[in-house]
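Colleague: To start, I am sharing the structure in question, which I have written as C-alpha cells.
Bear in mind that the values in this text are calculations on the coordinates, not laboratory data. Being a predicted model, the structure only gives us computed values, none of them experimental. FYI the Cβ positions are ideal-geometry reconstructions off the backbone, even for glycines, and counts take in every protein chain you see.
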Amino acid sequence: MESKRLRAQTPRVATGSTFQRPFTLGIEGGGTRTTALLADARGREIRRAEFGPGNVRLLDDRALVRLLRRVAKQFEKPDAIGLGLAGARNETDRQRVRAAVAKVWKKTPCHVTHDLEVALMVGRALRACRGGLGQPAIPVVLVLSGTGSCCFGMAADGRTAKMGGWGHVLGDKGSGFEIGLRGLKAVVFYFDRDGTWSRLGERLLAATNCNEPDDLIDWASGADKDAMAALAPEVFAAAKARDRIARDVLAGAAGMLAKDAATCAGKLAKKNSPVDFVLSGGVLRNQPAFARKVATEIKSRWPKAKVSTQKHDDVLGAIALARDLVSSLNPQPSTLNPSTSHKISARLSPTEERNRRSMNFDKLPTRSAITLMLSEEARGAKAVLGESKKIARIVGWVAAALKNGGRLFYVGAGTSGRLGVLDASECPPTFRAKPEQVQGIIAGGPQALTRSIEGAEDDPDAGARAIQFRGVGKRDVVIGIAASGRTPFVWGAMAAAARRGARTALVCFDPKLKRRAGVPHLIVAPGIGPEVLTGSTRLKAGTATKLILNCITTLAMARLGKVCGNLMVDLDPKNKKLRERAVRIVQMLTGAEEGEAWVGLEKCGWDIRRINFQ
C-alpha cells in the first residue's frame, strides 16, 4: 500500500522495473522541516520522507546526529549523499555537519552545503535527468521566501553572491516571518491612529487565540519564528478579501524581495544583461499572486530579467550534488569520507611530540609531578628570553602603530585565541587604551571564549573574513598566535592582513617553521619543547604565550608614556580598588597626603597624567 501511495504522489517513481545502483540520497533541511529523497542511477525516485527542522544554527551536535539517524532509518544505505541545511553558511558549520554524517553513514561520500545552494541546483538536476547540460549559461538568482528569506546567485563561472539570510532578528525581509510580524504591527498602528480594528486584525486575533488587541502584547513576546510566520497566511487571505492594510504589507514585502534580488544580480552581472530569477520557498510557491507581484517588481528593477517560480522540491538539488559525487568516486578510502580526506603531516610540531621527562606522568607522586610541571614552565620562560630581539621588534611596530592611529590585533584559536582576547581586554583598564586599539580575534567568535569549538580553527577563509570586516589596514599590526604554528584560521588572517598592508607576526613554538609567500613578516618561535601532557598547549605553550603578549603590550604602552618608573600613570580607575591605586601612585610621585591626592584626582577626572607633579 505504501509503495502505491508514494507512486501516486509523484510521477517520477519507477514502475515495473528494478532500481539501479548507485543510489543517491538528497537531504534538504530548513527552519520548518527536513525533506529526504532516495533516487537510483537513472534519477528515479525510490522513497521520500519528511522530518523535523534542519537548521544547523538551531541544532546542537546531538540533535543534528539524531535528525540524521532518523533519516537513515527510513532508507537503504546510499552510495552518495547531497545534504543542504539552513544555517550551514561557513566552513565551521559544514564541518559540524560532516562530523555528524560520519557518525551515521560511515565512509559514505557526502557533499555538505547550505539550503540555498541546494535550491539553486534544482534546475541543474532536472536538466541532468533529461540528459542536458547542468551548468547555467547566464547568472541565476534564487529568490527564496519561506519562514525566512534570502537571495542567492551564481554566475556561469561559479562566482556566487548573497543578499539577506541574516535570520529573523537581523533580516528575513519579505519572509513569512516578516509578513506576519508586519501584519501585527500594521493593525495595532492603525488601531492607535484611527481607533478602529481592521478585518486583518480580526483574523490575527482568531489565529493567535487572543480576545482583544491588548492580549497580543503577551502573545508576541512569547512567539517564536515559526509562530510568527504562521500568521502570514492570514495576511494573504485578508489581502485577497481586499483588506487595504494587508495589501500594503504585501506590497512592501514584494518590493523588498525584488530590491534584494536585483542587488544580488548586480554583484554577478551588468544591469543590461540577462539574468534568470527563480522564485522559491513556501511563501512564493504557495502564493501565486504574491509571486507575480514579486516578479513584476524584479522586472521593473532588472529590464532583462527572466522570472520563473520553482515548482519542484529543493531536495532535487541535493540529489544533483550527490550525483556529482558518484561520478567522481575514487576507490581510495581517503576520498570516500570528507571527514578523513586529509593527510596527517609527516613532521610533527614540537608541541605534538612526547616529552621524555613525563613518560610516567600518570604514576608520579603529586609533589614530584608539580616539580616536573614547574621545571618545564621555567624551561619555557628561558626559551622565550632567547627570542627577546624579535619581541623587541614587534614592540616597536606596535608602539608606532598605536601612536599613529593604528591598532594591534591578536588572532588565534582555542587557548591561543583566548590568551589574545585576555591581553587585549586588560589594556583599557591598565593603560586607558581605547577598546578598539588592541583587539582579540578568536576562531569561532565570542562563544569560543567559554567552550571549545575545535573545528573553527580549520577555516582559513573565516580568518581572512575576520580581518576584512575589522577593516585592517596598513597602519595596523596583526599578530597570529598558534602553538603548533599551523592553524589555518590564523594563517588565513595573516595572509589577508599582509595583503591589506598591515605588519604581521606569528607567535608559535616550532623553531623550524618557515614563512609562506612572505607571510608573516616575523616569526617568534621559542623552542620550549614538548608539553608534559602531550599536545596540551594550554600548559607550557600557554604560559610562554602569555609572557610574550605581556611584553608586547606592556612595553609598547610604556613607550607611549603610559608608565612612569614602574608605575601605571594612565590607568583607568573605574572601581574602588583602582581608584585607591591611583591615589597611592599620586602620593608616591608627589609626596601629597592621601586626601590631597584624592581631591586632586577628582578634579582631574581621575586622570593621573593631568596632575601637576612639580
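Colleague: Which whole-number percent of Cα pairs in segment 208-318 have a distance greater than 19 Å?
Modeller: Details: 3441 of 6105 pairs.
Taking all Cα-Cα pairs of segment 208-318, the fraction more than 19 Å apart is 56 percent.
Colleague: Anything over 20 Å Cα to Cα? Flag those among 270/299; 270/306; 271/306, in the order listed.
Modeller: On the way: 270/299 15 Å; 270/306 15 Å; 271/306 13 Å.
Too far apart for the 20 Å limit: no listed pair.
Colleague: Give, in nm to one decimal, the length gained when the segment between residue 602 and residue 522 is fully stretched (0.36 nm per residue of separation minus the Cα-Cα distance).
Modeller: Once the chain is fully extended between residue 602 and residue 522, it gains 24.4 nm.
Colleague: Another one. Summarise the long-distance tail of P(r) for the chain by giving the % of C-alpha pairs beyond 44 Å.
Modeller: For the chain, the fraction of Cα-Cα distances above 44 Å is 39 percent.
Colleague: Further, regarding this structure: Going 7 Å from the Cα of residue 272 along its beta-carbon direction, which residues of segment 283-313 have the amide nitrogen within less than 20 Å of the resulting point?
Modeller: From segment 283-313, the list is 299-306.
Colleague: A further question on this structure: In Å³ and rounded to a whole number, note down the convex hull volume per residue for the Cα atoms of segment 366-559.
Modeller: Cα-based convex hull of segment 366-559, divided per residue, equals 118 Å³.
Colleague: Sticking with this structure for a sec: Using a Förster distance of 35 angstrom, determine the FRET efficiency expected from the C-beta separation of residue 138 and residue 240, and round it to 0.05. Please report the intermediate quantities before stating the final value.
Modeller: On the way: r = 35 Å, r/R0 = 0.99.
It comes out at approximately 0.50.
Colleague: Let me ask something else. On C-alpha positions alone, give me the angle between the axis of helix 576-590 and the longest principal axis of the chain, in degrees, nearest 10.
Modeller: Tilt relative to the chain: about 30 degrees.
Colleague: When a/c reaches 1.5 or more, the comparison of a/b and b/c decides; with that in mind, is segment 233-272 rounded, prolate or oblate per its Cα gyration tensor?
Modeller: Because a/c hits 1.5 or more and a/b exceeds b/c, segment 233-272 counts as prolate.
Colleague: Compute the FRET efficiency between residue 58 and residue 368 as 1/(1 + (r/R0)^6), taking r as their Cβ-Cβ distance and R0 = 41 Å, and round to the nearest 0.05.
Modeller: It comes out at approximately 0.25.
Colleague: Residue 49 to residue 21: extension gain in nm, 0.36 nm per residue of separation minus the Cα-Cα distance?
Modeller: Length gained between residue 49 and residue 21: 8.1 nm.
Colleague: Please list 23-32, 211-220 highest first by mean number of surrounding beta-carbon atoms within 10 Å per residue.
Modeller: Taking the mean over residues of other Cβ atoms within 10 Å, the ranking is 23-32, 211-220.
Colleague: On to the next question. Given 37 °C and 0.692 mPa s, compute D for segment 454-504 with the Stokes-Einstein relation, Rh being the Kirkwood radius over Cα pairs; round to the nearest whole µm²/s. Write out the running numbers ahead of the final one.
Modeller: Values: Rh = 10.6 Å.
Stokes-Einstein gives a translational diffusion coefficient of 310 µm²/s.
Colleague: If you don't mind, another one. With label points built 7 Å along Cα→Cβ from the Cα atoms of residue 514 and residue 160, find their separation and express it in nm.
Modeller: 3.4
Colleague: If R0 is 51 Å, what FRET efficiency do you get for residue 449 and residue 292 from their C-beta distance, rounded to 0.05?
Modeller: Efficiency for this residue pair is about 0.55.
Colleague: While we're here: Which order do peptides 276-282, 42-48, 472-478 fall in by mean Cβ count within 10 Å, highest first?
Modeller: With the highest mean Cβ count within 10 Å placed first, the list reads 276-282, 472-478, 42-48.
Colleague: Can you tell me the mean projection area, over all orientations, of the convex hull of segment 23-69's alpha carbons? Units nm², please.
Modeller: Dividing the Cα hull surface by four gives the mean projection, 3.3 nm².
Colleague: Let me ask something else about it. Could you work out how far apart the two model spin labels at residue 425 and residue 593 are, taking each label as a point 7 Å from the Cα in the direction of the beta carbon, and quote it in nm?
Modeller: Each label point is offset 7 Å from its Cα along the Cβ direction, giving 4.1 nm.
Colleague: Roughly what % antiparallel, to the nearest 5, for the DSSP beta bridges in segment 140-309?
Modeller: If we restrict to bridges inside segment 140-309, about 50 percent are antiparallel.
Colleague: Using Cα atoms only, what is the angle between the long axis of helix 460-469 and the major principal axis of the chain, expressed in degrees (0 to 90) to the nearest 10?
Modeller: Roughly 80 degrees, rounded to the nearest 10.
Colleague: Let me ask you something else. Where both partners of a DSSP beta bridge lie in the chain, what percent of those bridges are antiparallel, to the nearest 5?
Modeller: Given both bridge residues lie in the chain, the antiparallel proportion sits at roughly 40 percent.
Colleague: Under a straight-distance cross-link criterion of Cα-Cα below 29 Å, which lysines are reachable from residue 382, leaving out those fewer than 8 residues away in the same chain?
Modeller: 363, 390, 512, 514, 540, 546, 562
Colleague: Under a point spin-label approximation (7 Å from Cα along Cα-to-Cβ), what is the residue 206-residue 404 distance to one decimal in nm?
Modeller: Each label point is offset 7 Å from its Cα along the Cβ direction, giving 7.0 nm.
Colleague: Further question: Residue by residue through segment 66-75, which ³J(HN,Hα) values in whole Hz follow from phi under the Karplus form 6.51 cos²θ - 1.76 cosθ + 1.60 (θ = phi - 60°), with glycine and proline marked x?
Modeller: With coefficients 6.51, -1.76 and 1.60, one gets 4, 4, 5, 5, 5, 5, 4, 5, 8, 9 Hz.
Colleague: Using only the Cα atoms, work out Rg/Rh for segment 41-186, with Rh taken as the Kirkwood radius, to two decimals.
Modeller: 0.99
Colleague: Given H placed on each backbone N at 1.01 Å, which residues far from residue 411 in sequence or on other chains put an amide H within less than 5 Å of it?
Modeller: Counting only residues 5 or more places away or on other chains, the set is 441, 479, 480, 481.
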